[in-house]
Structure formats: structure tokens, C-alpha cells
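Everything on this sheet refers to the single structure shown next.
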Amino acid sequence: MDFNITAEEEALVFHVACLLQSGLSPTDDDLAEELGDEVRPLLQSLLDKGWLVIDKERELTLSVIARAAVSSRKDVEGP
């Protein structure tokens, strides 16, 4: 896992966390529709770094370490 993420990637992690906490299970297409196609490279980077994972239904979720990072930073909101 790569612990070095950009501010944009961090904001996206927190946005995904907020969606998940709201009971939603976003896919990459859902986020691209909501935030624009420019989010796709950020998603791929976060997947490559191990911050996000994709399940069988193509839904995004946080990795174990990402969940720990999010839970320790409740002061940060998504984009």
C-alpha cells in the first residue's frame, strides 16, 4: 500500500467514505457521472495504491487501512 496520496485523492477517499456511510455503494461510473470523467484517473491511482477496492458488483469500497485513516480524520469532508 502506498501511503502517499495527493490532496485530490484524499478528498475522493473521504467522498467515497461519506457515500458508503450514507448507505450507497458507488461504482466508478457513478462517481464519474457525479464528479466528471476527470475523476477516473484519481480512482485508478487510489486502486493502484490500495486505498480503494472493487467488489464483484464493481462497487467501490475502502480498504482496511483507508477505513482506519478515515475514522481518525472525521474533520475532513469529500469534494
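Considering the stretch 29-79 alone, what residues qualify as being modelled with pLDDT under 95 and on the phi > 0 side of the Ramachandran plot?
ARG58
Within the stretch 30-76, work out how many residues are within 18 Å of ALA7 (Cβ to Cβ), hydroxyl-bearing (Ser, Thr, Tyr) and either open to solvent by 50 Å² or more (accessible area, probe 1.4 Å) or in a loop (DSSP other than H, G, I, E, B) (or both).
Qualifying residue count for the region: 1.
Report yes if ALA11 is open to solvent by 20 Å² or more (accessible area, probe 1.4 Å) and in a helix (DSSP H, G or I), otherwise no.
Numbers: open to solvent by 20 Å² or more (accessible area, probe 1.4 Å): yes; in a helix (DSSP H, G or I): yes.
Taking the combined requirement at face value, the residue satisfies it.
So the check is Cβ under 9 Å with 6+ separation or different chains; which pairs have a first residue in the stretch 33-47 that's without any contact (Cβ under 8 Å) to a residue 60 or more places away in the chain and a second one that's open to solvent by 90 Å² or more (accessible area, probe 1.4 Å) and not charged (D, E, K, R)?
Cβ pairs passing all conditions: LEU35/PRO79; VAL39/PRO79.
Can you name the residue in the stretch 15-26 that is without any contact (Cβ under 8 Å) to a residue 60 or more places away in the chain and crowded, with 16+ Cβ neighbours inside 10 Å and, of all such residues, is farthest from SER71 (Cα to Cα)?
First pass over the stretch 15-26, keeping only residues without any contact (Cβ under 8 Å) to a residue 60 or more places away in the chain: 19-26.
Next, from what is left, pick out any that are crowded, with 16+ Cβ neighbours inside 10 Å: 19-20, 26.
Details: LEU19: 14, LEU20: 13, PRO26: 19 Å.
Among those residues, the one meeting the criterion is PRO26.
The values are calculated or read from the model by the stated rules, or taken from the named source; none is laboratory data. The model shown is predicted, which means the values in this text are computed figures rather than measured ones. Every residue, glycine as well, gets a Cβ built from its backbone with ideal geometry; the counts of neighbours run over all protein chains shown. The area values use the complete protein model at the heavy-atom level, side chains included, leaving out ligands, DNA and RNA. Shrake-Rupley method; radii C 1.70, N 1.55, O 1.52, S 1.80 Å.
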